[in-house]
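As structure tokens, the structure follows; a few thoughts come after it.
The values are calculated or read from the model by the stated rules, or taken from the named source; none is laboratory data. Keep in mind that what you see is a predicted model, and the values were worked out from it rather than measured. Positions of Cβ are backbone-derived with ideal geometry, glycine not excepted, and every protein chain shown enters the neighbour counts. Surface accessibility is based on the protein's heavy atoms, side chains included, excluding ligands, DNA and RNA. Shrake-Rupley method; radii C 1.70, N 1.55, O 1.52, S 1.80 Å.
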Amino acid sequence: LAKTTQPISMDSYEGQEVNITCSHNNIATNDYITWYQQFPSQGPRFIIQGYKTKVTNEVASLFIPADRKSSTLSLPRVSLSDTAVYYCLVGASGGYNKLIFGAGTRLAVHP
Amino acid sequence: EAGVAQSPRYKIIEKRQSVAFWCNPISGHATLYWYQQILGQGPKLLIQFQNNGVVDDSQLPKDRFSAERLKGVDSTLKIQPAKLEDSAVYLCASSLDRDFTDTQYFGPGTRLTVL
């Protein structure tokens, strides 16, 4: 399983765009990149998943460069309610669904 | 669609006592997971079931933890006897199937405090 590295914490202000970058240098050909979000006192929640280029949904965008050795989760116009821990995970399609969570990135959004 | 249900939400016990947690996954989900999350850390997978069979229990402390998933639906996780270091949130999750691309849906967790 590819090891991931992401910042431990980030600060932002309401209305700003937040970009969280995750490094996964030894990503394999069959690997996908998935991001989960966890609010205090709740279980993690799936945000977005991608394989290459760009994926966008109603919550976020995921940018993956051609070499796929990193990925960036982009949250447009954050609000106080986006304060959470964000986890980047990498795993293979066709392989079994084992999520290995690191410490994640603690995002604090300030008024 | 109902989410993953867990009970109880909170439990306080003394060390060496026993405790059990219950999980009801999303209907139709074949794969069920139990995670342990210690304060300030990411969740750690304890055990994964595919229907009612165990796929991965490599990180389950088998001398004190046990889990079962009867009839491939509900699951229980038991700790007997509990230690102080078992204080954590125990999360249950389920997914449609076992591929990495199958989204895992998490329950609210059970917060266990061992005194």
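Here are some notes:
- If only residues of the stretch A:1-26 that are open to solvent by 70 Å² or more (accessible area, probe 1.4 Å) and assigned to a loop (DSSP other than H, G, I, E, B) are counted, the one that is farthest from A:Ser81 (Cα to Cα) is A:Asn26.
- Residues that are free of Cβ contacts under 8 Å to residues at least 12 places away in the same chain, in a loop (DSSP other than H, G, I, E, B) and either among the basic types (Lys, Arg) or open to solvent by less than 50 Å² (accessible area, probe 1.4 Å) (or both) within the stretch A:27-56 comprise just one, A:Gly43.
- Restricting attention to the stretch B:90-102, the residues that are surrounded by fewer than 20 Cβ atoms within 10 Å (Cβ to Cβ) and assigned to a strand (DSSP E or B) add up to 1.
- Here A:Ile48 clears all of (1) at negative phi; (2) among the β-branched types (Val, Ile, Thr); (3) away from chain B (no Cβ under 13 Å) except the condition numbered (3).
- Among the residues making up the stretch B:10-34, a single one is touching a Lys or Arg at 6+ places or on another chain (Cβ under 6 Å) and at the interface with chain A (Cβ under 10 Å from one of its Cβ atoms): B:Thr31.
- Restricting attention to the stretch A:58-79, the residues being within 14 Å of chain B (Cβ to nearest Cβ) and open to solvent by 50 Å² or more (accessible area, probe 1.4 Å) number 1.
- Here the strands (runs of 3 or more DSSP E) wholly within the stretch B:1-89 that include at least 1 residues being open to solvent by 60 Å² or more (accessible area, probe 1.4 Å) and either modelled with pLDDT of 95 or more or in contact with a strand residue (DSSP E or B) (Cβ under 7 Å, 6 or more places away or on another chain) (or both) are B:10-13, B:19-24, B:44-50, B:53-56, B:65-68, B:75-79.
- Strands (runs of 3 or more DSSP E) contained entirely in the stretch A:66-110, each with at least 2 residues that are touching a residue at least 60 places away in the same chain (Cβ under 8 Å): A:84-92, A:105-110
- Residue ID - farthest from the other protein chains (Cβ to nearest Cβ), chosen from residues in the stretch B:77-103 that are farther than 18 Å from B:Ser27 by Cβ and polar (S, T, N, Q): B:Gln80
- Unique match (being open to solvent by 10 Å² or more (accessible area, probe 1.4 Å) and closer than 23 Å to B:Gln59 by Cα) among A:Gly104, A:Gly94: A:Gly94
- Candidates B:Ser87, B:Ser95, B:Ser75, B:Ser66 - the one that is closer than 12 Å to B:Gln6 by Cβ and polar (S, T, N, Q): B:Ser75
- Positions within the stretch B:12-34 being touching a residue at least 60 places away in the same chain (Cβ under 8 Å) and either touching a Ser or Thr at 6+ places or on another chain (Cβ under 6 Å) or closer than 14 Å to B:Ser95 by Cβ (or both), in sequence order: B:Ile12, B:Phe21, B:Cys23, B:Pro25, B:Ile26, B:Gly28, B:His29, B:Ala30, B:Thr31, B:Leu32, B:Tyr33
- Subset of the stretch A:33-54 [more than 12 Å from the chain's Cα centre (by Cα) and farther than 30 Å from B:Arg9 by Cβ]: A:Tyr51, A:Lys52, A:Thr53, A:Lys54
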